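Structure first, commentary second.
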Amino acid sequence: MYRRLIAPGALAAAALLLAIPASAADFAPGASGIGDPYYPTYGNGGYDVSHYDLRLKYQPKTDLLEGTATIVAESTQDLSRFDLDFGLTASEVRVNGKKAAFAKSGVQELAVTPAAGLPKGTPFTVVVKYAGKPSEVKLWGFTSPQRTSDGAVFANEPESAAWWFPSNDHPLDKATYDVSVSVPDGTQAISNGTLQSQSSKLGWTRFNWRSSHPQATYLATLAIGKFDITTDTTSDGLPVINAYSKDLGANEGAAKASVERTTEVAEWLESVYGKYPFEALGGYVPNVPSSFALETQTRPFYSPKQFANGSNVSVVVHELAHQWYGDSVSVRGWKDIWINEGFARYSQWLWSEKEGEGTARELSDYTYAQHPADDAFWTVKPGDPGAENQFDAAVYDRGAMAIQALRDAVGDKKFFKILKGWPAAHAYGNATVSDFVSYAEKVSGKPLASLFDTWLFQPTRPAVASALRTAGVPEQPKSWKSIAATNGIHGEH
Ligand SMILES: [Zn+2]
């Protein structure tokens with residue numbers, strides 16, 4: 001457009017201007033949010049991250065976390081400035097080796113202005129040097145990490161990453177990770193994936209972890225503390241690493257009796273969902289006061305309270321099922337949470353069915369009967385619950401009933417074909433609720449839009465088949481209490 005403004009006498013100047021690849025006027029700041037209507041400022045626009053390299057040092061006595069994050073990314077627009085989501089304090093930021101200007105804005109935005117604009121499609125590297133005490137940082141009015149007597153734990157959903165590394169904090173921008181953490185000798189650092197190496201020097205031990213498949217930021221985890229660590233190898237040769245705080249007290253036995261069954265549960269899940277999508281397995285139980293669990297990639301986090309009533313394999317089933325439904329295939333936006341939680345809950349029902357403790361059908365009927373038509377439970381739409389109800393019981397229970405309704409409609413053969421096919425069809429990517437509906441229609445050859453609309457998008461109790469209506473309230477399945485005990489396993493602030 002600017003060429004029209006150039007007078008004929010200024011041809012020499014015009015030639016000069018044209019020699020510049022793009023006018024600085026075309027460069028614009030990346031958006032301060034990735035475009036998620038539930039959380040408008042989460043994630044960022046203008047670039048895409050492929051890898052995070054986090055080199056950290058943590059002192060449990062003081063809670064001081066010092067770090068250098070190297071972010072490998074590519075611009076997706078002509079970029080004059082971009083945001084990272086971050087709550088700690090940066091001391092220096094470099095883009096492609098050159099010092100960049102940076103400033104905090106909003107709740108968690110770190111606005112970075114490179115020395116020169118980045119044309120669309122430019123690979124670039126950001127280095128952020130930082131320090132801070134995570135447990136003292138409040139964002140959106142809360143603190144996400146949990147400090148323990150011997151360390152700290154970073155595991156939460158959706159807000160976790162901003163307390164320990166700068167990122168494009170939204171599941172839509174997945175990346176691989178190298179997480180290297182130095183802690184005082186005698187303390188361990190647990191993260192995702194495989195432990196590449198470990199070495200000690202001058203009283204500090206460094207643990208080098210690698211997560212080599214695309215991973216959402218909220219699925220990156222870090223736990224520092226004193227752990228009993230068990231290691232094994234699956235029959236497919238994948239490393240299994242489990243970690244338990246040394247001070248779990250009375251919960252220790254039950255925690256181990258549950259999490260040590262990870263390989264067995266994963267093997268069974270493979271029979272339902274297909275090949276395990278990642279390079280390592282495991283789980284960890286730190287000495288935190290919370291009660292939730294989380295499907296942190298390759299290595300779920302379990303609060304000790306999950307094992308307060310004895311062993312709880314159902315929660316292990318839930319978090320491992322997420323490795324397929326949630327971690328490999330992630331939500332496109334947070335409104336798609338049903339493609340994670342509906343299936344993780346339904347996996348618990350399938351496990352119950354396999355164990356002879358109540359079929360999924362029985363669990364679905366029993367759950368349905370627990371909620372009369374005027375129960376507020378039915379006003380939450382699992383297919384679009386709203387940010388405030390993202391982890392409401394309806395997303396899990398009504399969400400799993402929707403999956404049972406699908407099973408009833410298409411029959412077991414096609415149903416299990418859909419369950420196994422979906423993680424392969426969208427492996428390591430992102431998907432929406434409507435992507436699932438389309439996929440189920442394609443595989444079954446049946447129109448299913450109305451069924452899913454009834455079960456996922458109407459704020460009322462769906463009608464059920466006359467067989468259930470006349471049978472009355474079914475007997476409580478044996479697994480009911482252990483599954484109910486895993487309710488509220490996500491997100492506590
Ligand atoms: Zn879950």
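Derivation of every value follows stated rules applied to the coordinates shown; laboratory data play no part. Computed from a predicted structure; not experimentally measured. All Cβ positions, even for glycine, are placed from backbone atoms using ideal geometry, and neighbour counts span all protein chains on display.
Which residues' amide hydrogens lie under 5 Å from the amide hydrogen of Leu222, considering only partners 5 or more residues apart or on another chain, with H built in the peptide plane?
Those qualifying (amide H under 5 Å, at least 5 residues apart or on another chain) are Phe154.
Note the direction-averaged projected area, equal to a quarter of the hull surface, for the Cα convex hull of region 46-117, in nm².
The Cα convex hull of region 46-117, projected and averaged over all directions, gives 5.3 nm².
Total Lys pairs in region 334-484 closer than 19 Å by alpha-carbon, pairs eight or more apart in sequence or interchain only?
15
Kirkwood hydrodynamic radius, computed over distinct alpha-carbon pairs, for region 304-348: how many Å, to one decimal?
Hydrodynamic radius (Kirkwood, Cα pairs) of region 304-348 is 11.1 Å.
Give me the lysines in straight-line cross-link reach of Lys104: C-alpha distance below 21 Å, same-chain residues under 8 apart excluded.
Within the straight-line cut-off, Lys104 pairs with Lys129, Lys133, Lys138.
Can you list residues from other chains, or at least 5 along the same chain, whose modelled amide H is less than 5 Å from the amide H of Gln196?
The answer is Asn208, Trp209, Arg210.
Any chance you could get the radius of gyration and Dmax over the Cα atoms of region 385-429, in Å?
13.1, 37
Expressed as an acute angle from 0 to 90° and rounded to the nearest 10, what is the orientation of the C-alpha long axis of helix 338-355 relative to the principal long axis of the chain?
Roughly 30 degrees between the two axes.
Would you calculate the separation in nanometres between label points at Asp247 and Lys305, each defined as 7 Å from the Cα along the Cα-to-beta-carbon direction?
1.9 nm
What percent of all Cα-Cα pairs in the chain falls into each 10 Å bin, going from 0 up to the bin containing the maximum distance?
For the chain, the pair-distance distribution reads 4, 19, 28, 24, 15, 7, 3, 1, 0, 0.
Where the Cα atoms of region 296-380 are projected onto their three principal axes, how long is each span, largest first, in whole Å?
If we take the Cα atoms of region 296-380, the spans are 39, 35, 24 Å.
Treating region 1-183 as a set of equal point scatterers at the Cα positions, no solvent, please give the Debye-formula log₁₀ I(q)/I(0) at q = 0.08 Å⁻¹.
Log10 of I(q)/I(0), two decimals: -0.30.
Helix 360-369 against the longest principal axis of the chain: what's the angle in degrees, Cα atoms only, rounded to the nearest 10?
90 degrees
Quick one: helix 313-324 against the long Cα principal axis of the chain, what's the angle to the nearest 10°, folded into 0 to 90?
40 degrees
On a full-extension model of 0.36 nm per residue, what is the gain between Lys478 and Glu74, subtracting their alpha-carbon distance, rounded to one decimal in nm?
Length gained between Lys478 and Glu74: 140.2 nm.
Tell me, what ³J(HN,Hα) does each residue in region 443-449 have, in order and in whole Hz, if you take phi through Karplus 6.51 cos²θ - 1.76 cosθ + 1.60 with θ = phi - 60° and put x for Gly and Pro?
For region 443-449, the Karplus curve yields 6, 8, x, 10, x, 10, 4 Hz.
Quick one: what are the phi-derived ³J(HN,Hα) couplings along region 431-441, Karplus 6.51/-1.76/1.60 with θ = phi - 60°, whole Hz, x for glycine and proline?
8, 10, 4, 5, 4, 5, 4, 4, 5, 5, 5
Using the Kirkwood formula over every pair of different C-alpha atoms, what hydrodynamic radius in Å results for region 343-417? Please report the intermediate quantities before stating the final value.
Numbers: mean 1/r = 0.0773 Å⁻¹.
About 12.9 Å, per the Kirkwood formula over Cα pairs.
Looking at the chain, identify the longest residue range that excludes and avoids all trypsin sites (Lys or Arg not before Pro) in DSSP loops having at most 16 other Cβ atoms within 10 Å. Could you put the intermediate results ahead of the total?
Details: sites that count: Lys61, Lys120, Lys138, Lys246, Lys275, Lys478.
In short, 276-477.
Arrange the following residues from fewest to most other Cβ atoms within 10 Å of their Cβ: Glu260, Glu362.
On the way: Glu260 17, Glu362 21.
Least crowded to most crowded, the residues run Glu260, Glu362.
Report the calculated FRET efficiency for Lys417 and Arg361 (r = Cβ-Cβ distance, R0 = 22 Å), to the nearest 0.05. Numbers along the way, then the final one.
Values: r = 19 Å, r/R0 = 0.85.
Calculated transfer efficiency: 0.75.
Fully extended, how many nm does the chain gain between Ser271 and Ser197 (0.36 nm per residue separation, minus their Cα-Cα distance)? Intermediate values should be presented prior to the final figure.
Details: separation 74, 0.36 × 74 = 26.64 nm, distance 3.23 nm.
Answer, rounded to one decimal: 23.4 nm.
Be a star and scan region 274-309 for residues whose amide nitrogen sits under 19 Å from the point 7 Å along the Cα-to-Cβ vector of Leu139.
What the label zone holds, given the 19 Å backbone N cut-off, is 294-297.
Amide H neighbours of Glu159 under 5 Å, counting only residues 5+ apart in sequence or on other chains, H built in-plane at 1.01 Å?
Here the answer is none, since no amide H 5 or more places off falls under 5 Å of that of Glu159.
To the nearest µm²/s, what D does Stokes-Einstein give for region 334-484 at 25 °C and 0.890 mPa s, using the Kirkwood radius over alpha carbon pairs as Rh? It would help to have the intermediate numbers written out before the result.
Numbers: Rh = 15.6 Å.
So the translational diffusion coefficient is about 157 µm²/s.
Enumerate the calculated ³J(HN,Hα) couplings along region 372-378 in order (Karplus 6.51 cos²θ - 1.76 cosθ + 1.60, θ = phi - 60°), each rounded to whole Hz, writing x wherever the residue is Gly or Pro.
With coefficients 6.51, -1.76 and 1.60, one gets x, 4, 8, 5, 4, 3, 7 Hz.
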